[in-house]
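> Okay, handing you the structure first.
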Amino acid sequence: KNGMLLTTMFDGVKLAAVATVLYFLVRCLNLKSPTAPPDITYRDTPLNRYLLKSCPILTEEYEPPLLWGKSGHLQTALYGKMGRVSSPNPCGVRKYLLMQDGATATFDLFESLGDHRTGDDITMVICPGIGNHSEKHYIRTFVNHSQRQGYRCAVLNHLGSLPNIELTSPRMFTYGCTWEFAAMVGSIKRAFPQTLLIVVGFSLGGNIVCKFLGENRINQERVLCCVSVCQGYSALRAQKTFLQWDQCRRLYNFLMADSMKKIILSHRGSLFGMNSSKMEDADLSRLYTATSLMQIDDNIMRKFHGHDSLKEYYEKESCVHYIHNINVPLLLVNSSDDPLVHRSLLTIPRTLAEKKQNVIFALTLHGGHLGFFEGLCCFPSPSPGWTRLSWAMPTQYASGKDTDRPA
């Protein structure tokens with residue numbers, strides 16, 4: 001009897017353990033969360049109705065991979081691993097641009113693999129995320145699919161992000177500096193006088209492209225539309241959220257700070273050793289002990305452009321103060337479960353879309369940060385949803401560009 005009792009108790013413990021594991025799996029993987037179409041905010045105009053009708057990915061139900069796709073953390077993390085398995089390797093030409101302050105900007109140019117269906121010459125000018133460049137797998141995936149749709153692609157390599165390109169001035173990319181992106185766009189316009197532009201920005205790149213377009217109306221000339229994916233809109237407002245443990249943002253903050261630290265230290269000879277450098281030995285010491293992006297921004301990044309304080313740096317480099325000046329069609333895409341972008345920041349694009357007829361704001365229920373995987377139970381499709389969205393919407397706009405274009 002005692003043996004049977006012990007066996008029964010042991011079986012009960014095993015069942016309880018299995019039930020506990022399953023409970024935490026369901027909670028952590030968010031398996032009970034429903035699937036739904038993106039929440040679309042827009043003004044009712046003929047052009048917007050045409051776009052929503054012609055671009056079904058904006059209105060159809062987004063279905064992430066069943067087992068793990070409803071976790072924003074896994075969407076964010078796994079794309080960094082799985083994207084490398086089968087990401088394409090488009091062939092491009094690297095261009096070098098000498099800036100007025102002595103810096104050397106670079107971008108990679110990829111020609112289209114066929115004619116665009118409208119017959120127009122269209123170039124996508126692309127700005128990657130923080131510390132990223134044309135060799136990142138998500139950029140390669142996006143470029144490859146865009147080339148097949150008939151787009152020429154120009155991808156900015158953030159100043160200092162390429163490990164094999166030395167800095168030629170004591171400055172690297174910052175959160176909102178548009179100088180290198182503007183130089184790339186100018187170069188494309190000169191090289192291809194007949195081309196039309198589609199502006200695309202990912203994460204930090206979304207902030208840069210929106211700030212660039214809003215800084216000067218001239219920057220919007222020959223621009224068909226702009227697509228921004230997973231940006232945060234206001235660094236000053238995001239600053240407080242990045243110190244919170246909610247959605248593990250404090251951990252992401254630490255990891256991104258570590259990546260930034262490595263990029264800066266790889267160029268310390270240029271950033272700290274040149275006579276024109278604004279950095280001091282004390283700044284280098286503080287960099288070694290920094291554990292957050294804000295500490296790095298305060299001790300290093302803001303000084304590249306002479307900002308007196310971190311608040312001033314975040315205020316002047318955030319697109320939130322410029323985005324309302326954009327008059328070309330603008331698609332803003334975010335995910336509700338993005339662990340990097342707090343939901344409070346999403347009032348900015350939603351309010352903008354409610355006020356301006358040229359803006360569409362698409363908010364998905366799932367997708368993480370630049371994830372948006374689609375597919376079956378475990379294995380996603382090779383092209384994430386944002387890839388199809390980012391060239392499908394511009395394709396439809398190019399096809400219907402004469403349909404009541406907003407002024």
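> Identify the residue in the range 63-112 that is at pLDDT 95 or above, β-branched (V, I, T) and more than 20 Å from the chain's Cα centre (by Cα) and, among all such residues, is surrounded by the fewest Cβ atoms within 10 Å (Cβ to Cβ).
V93
> Considering the range 274-297 alone, what residues qualify as being open to solvent by less than 60 Å² (accessible area, probe 1.4 Å) and either in contact with a Cys (Cβ under 9 Å, 6 or more places away or on another chain) or part of a helix (DSSP H, G or I) (or both)?
A282, D283, L284, L287, L293, M294, I296, D297
> Can I ask one more? For the range 304-319, give me each residue that is of a type outside the set (D, E), buried (at least 20 other Cβ atoms within 10 Å of the Cβ) and part of a helix (DSSP H, G or I).
Those that are of a type outside the set (D, E), buried (at least 20 other Cβ atoms within 10 Å of the Cβ) and part of a helix (DSSP H, G or I): F304, Y313, Y314, C319.
> Q194 - would you say it is part of a loop (DSSP other than H, G, I, E, B), surrounded by fewer than 18 Cβ atoms within 10 Å (Cβ to Cβ) and modelled with pLDDT of 95 or more?
Yes.
> If you don't mind, there's one more thing I want to ask. Of E111, E180, which residue is in contact with a Leu (Cβ under 9 Å, 6 or more places away or on another chain) and not assigned by the TED database to the domain that holds K261?
Testing whether each residue is in contact with a Leu (Cβ under 9 Å, 6 or more places away or on another chain) and not assigned by the TED database to the domain that holds K261 leaves just E180.
> Going through I360, I348, I326 one at a time, which residue ends up being open to solvent by less than 50 Å² (accessible area, probe 1.4 Å) and over 21 Å from C177 (Cα atoms)?
Result: I360 is the single residue among I360, I348, I326 that is open to solvent by less than 50 Å² (accessible area, probe 1.4 Å) and over 21 Å from C177 (Cα atoms).
> When the range 113-136 is examined, which residues are found to be open to solvent by 20 Å² or more (accessible area, probe 1.4 Å), closer than 25 Å to F373 by Cα and not aliphatic (A, V, I, L, M)?
Listed by number, the residues that qualify are N132, E135, K136.
> What are the pairs with Cβ atoms under 7 angstrom where one residue, in the range 300-311, is over 18 Å from R268 (Cβ atoms) and the other, located anywhere, is part of a helix (DSSP H, G or I) and hydroxyl-bearing (S, T, Y)? Sequence gap at least six, or different chains.
Hits for this filter: H307/Y313.
> If you check Q239, Q247, which single one turns out to be open to solvent by 10 Å² or more (accessible area, probe 1.4 Å), in contact with a Pro (Cβ under 6 Å, 6 or more places away or on another chain) and not assigned by the TED database to the domain that holds V155?
The match here is Q247.
> I've got another one for you. If a residue has to be aliphatic (A, V, I, L, M) and either surrounded by 24 or more Cβ atoms within 10 Å (Cβ to Cβ) or not assigned by the TED database to the domain that holds T76 (or both) to count, how many in the range 205-231 make the cut?
Residues of the range 205-231 aliphatic (A, V, I, L, M): 208-209, 213, 218, 223-224, 227, 229.
With either surrounded by 24 or more Cβ atoms within 10 Å (Cβ to Cβ) or not assigned by the TED database to the domain that holds T76 (or both) added as a condition, the list becomes 208-209, 213, 227, 229.
Total meeting the criteria: 5.
> When only residues in the range 150-166 that are surrounded by fewer than 19 Cβ atoms within 10 Å (Cβ to Cβ) and touching a residue at least 60 places away in the same chain (Cβ under 8 Å) count, which is nearest to S266 (Cα to Cα)?
My answer is P163.
The values are calculated or read from the model by the stated rules, or taken from the named source; none is laboratory data. Note that the structure is predicted; figures quoted are calculated from it, not measured. For neighbour counting, all protein chains shown are included, and Cβ atoms are generated from backbone atoms with ideal geometry for every residue, glycine included. Accessible surface areas use protein heavy atoms only, side chains included; no ligands, DNA or RNA. Shrake-Rupley method; radii C 1.70, N 1.55, O 1.52, S 1.80 Å.
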